[in-house]
Amino acid sequence: MPNIKSSERSVKTDAERRASNFAVKSAVKTATRKVVDTVATGKADEAKALLTKASSVIDKAVVKGVIHRNAAARKKSRLARKTNALANK
């Protein structure tokens, strides 16, 4: 436990931020997993719908400062590539 007053406050706010960031990251992973699982089953229409939702969740994570915008673009690009490959079969 820190001895300095401001450090004690920082410990508390760091824990709150960490919990919030964890929730956002978890939502991104869940949305991504849903798209990947749907692509694996071969349902193109459902995958397209889930891709738009996943993109929205990823963009919100960027706005909140949880993930970098380039990392978000990379995640969305990979998901889109998988979904488009399924649609073009």
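Within the range 43-55, the set of residues being open to solvent by 50 Å² or more (accessible area, probe 1.4 Å) and either of a type outside the set (G, A, S) or farther than 16 Å from L86 by Cβ (or both) comprises K43, D45, E46, K48, T52, K53.
Kindly establish whether L86 is open to solvent by less than 70 Å² (accessible area, probe 1.4 Å), at pLDDT below 95 and part of a helix (DSSP H, G or I). Yes; evaluated as a whole, the condition is true for this residue.
In the condition set (1) hydrophobic (A, V, I, L, M, F, W, C); (2) open to solvent by less than 60 Å² (accessible area, probe 1.4 Å); (3) in a helix (DSSP H, G or I), A40 is compliant with all but (2).
The set of residues in the range 61-81 that are in contact (Cβ under 8 Å) with a residue 12 or more places away in the chain and surrounded by fewer than 16 Cβ atoms within 10 Å (Cβ to Cβ) comprises K64, A80.
The values are calculated or read from the model by the stated rules, or taken from the named source; none is laboratory data. Keep in mind that what you see is a predicted model, and the values were worked out from it rather than measured. Note that we place each Cβ from the backbone using ideal geometry, even for glycine, and neighbour counts take in every protein chain shown. Note: accessible area is taken over every heavy atom of the protein model, side chains too, but ligands, DNA and RNA are not part of it. Shrake-Rupley method; radii C 1.70, N 1.55, O 1.52, S 1.80 Å.
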